[in-house]
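First up is the structure itself, then whatever we jot down about it.
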Amino acid sequence: MPAMSRPSLSRSTRRAAAFAAAIAVLVPLAACSSDESGDATTTTADEPTNEVAETTMPPGEGVLTIMVTNDDGVGAEGIDLLVQGLVALPDTEVVVVAPAANQSGSGGKTTEGELVVADATTASGVEATSIEGFPADTVIWAFDDGGLEELPDLVVSGVNFGQNIGPFVEVSGTVGAARAAGARGVPALAVSSGLADPVDYATAVDLAVQWVKDHREELLGGLTGDEPAEVWSINVPSCTTGEVRGLVEVPTAADAAGRDINAVDCTSTATDPADDIAAFSTGFATIDEVSPAA
């Protein structure tokens, strides 16, 4: 894992430091008072203790920072809808750093040398940064090259055009970006919608937003960047008949074993799927944990 270009503090540590700084401003003010005649009198402030420095905000409170990326390019429909869903969350700050062009199927590839960076916008006009490179390069620029002043609490990659299930996880640029973040100690969520006409981005966005809501407290609980973080992948079928049957946590299939990963039956009544391909093909949205990049 590449070394960080700057120290990475936990969110709780940064909150504590800010709180301590505020107290430090107040202490000198308390050292000066006036008597009834209006003359100033001087008192001696108590020696500071270490108690303030250890003060933190209650769990789950504060601003959640999210970096959004993808592999379809900064102008793709999926990332734009995802950003719109995330920015609507209260006390949430979203920054977009994505490839300048479609980089589907690039896995965890990276670009040698200096990255070319430019200002950009998503399809609906949200300000973004584009990177001439692969999805994993967006994380390298943001984290290793100092593109972001602080590490985010979470990286969300997607929503991808097409499912990333079974062996396709290994070649997915959407997952590749999420893995790069996880390797650098930042939790990540990859989100993909199944191929169909039309693609059901809306359900994928809803499930991603709900996942963020459900995990908000733990995401704000602390971040060090010292150890690899969890990486999750959500895949949502685009049902042409029926509807998505719910979200199930299943393991990633090691291989397709002759199965057609594009065949989806959202009217199926099958239960207890063994892996993500079995679940996806019978109309379930899937979530599974994948390993961060080495």
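The values are calculated or read from the model by the stated rules, or taken from the named source; none is laboratory data. This one's a predicted model, so the numbers in the text were calculated from it and none came from an experiment. Glycine also receives a Cβ, built like all others from the backbone with ideal geometry; neighbour counts cover every protein chain displayed.
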Verdict on Gly146 being more than 14 Å from the chain's Cα centre (by Cα), under 19 Å from Val96 (Cα atoms) and assigned to a loop (DSSP other than H, G, I, E, B):
yes
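Please return the ranges of strands (runs of 3 or more DSSP E) entirely within the range 205-294 where 2 or more residues are farther than 16 Å from Ala178 by Cα and touching a residue at least 60 places away in the same chain (Cβ under 8 Å). I'd like the intermediate steps shown before the answer.
Numbers: elements: 231-236, 247-249, 285-290.
Those strands (runs of 3 or more DSSP E) span 285-290.
Take Val169 and decide whether it is in contact with a helix residue (DSSP H, G or I) (Cβ under 9 Å, 6 or more places away or on another chain), part of a helix (DSSP H, G or I), more than 21 Å from Leu86 (Cα to Cα) and at pLDDT 95 or above. Before the answer, list the steps.
On the way: in contact with a helix residue (DSSP H, G or I) (Cβ under 9 Å, 6 or more places away or on another chain): yes; part of a helix (DSSP H, G or I): yes; more than 21 Å from Leu86 (Cα to Cα): yes; at pLDDT 95 or above: yes.
So Val169 fits the description; yes.
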Within the range 110-133, identify whether any single residue is farther than 18 Å from Val231 by Cβ and part of a helix (DSSP H, G or I), and answer yes or no.
no
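Here is a list: Gly283, Gly258. Which entry is over 18 Å from Gly78 (Cβ atoms) and surrounded by 21 or more Cβ atoms within 10 Å (Cβ to Cβ)? Steps first, answer last, please.
On the way: Gly258 fails: surrounded by 21 or more Cβ atoms within 10 Å (Cβ to Cβ).
Only one candidate passes the filter, namely Gly283.
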Picked from the range 154-166 (must be of a type in the set (Gly, Ala, Ser) and in a strand (DSSP E or B)), the residue nearest to Glu93 (Cα to Cα) is Ser157
Tally of residues being crowded, with 18+ Cβ neighbours inside 10 Å and either in contact with a helix residue (DSSP H, G or I) (Cβ under 8 Å, 6 or more places away or on another chain) or modelled with pLDDT under 95 (or both) across the range 134-151
9
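Considering only the range 182-200, I want to know if a residue exists there that is touching a Leu at 6+ places or on another chain (Cβ under 9 Å), in a helix (DSSP H, G or I) and either touching a residue at least 60 places away in the same chain (Cβ under 8 Å) or closer than 11 Å to Val159 by Cα (or both).
First, pick out the residues of the range 182-200 that are touching a Leu at 6+ places or on another chain (Cβ under 9 Å): 184-189, 191.
Filter once more, keeping what is in a helix (DSSP H, G or I): none.
Within the range 182-200, not a single residue is touching a Leu at 6+ places or on another chain (Cβ under 9 Å), in a helix (DSSP H, G or I) and either touching a residue at least 60 places away in the same chain (Cβ under 8 Å) or closer than 11 Å to Val159 by Cα (or both).
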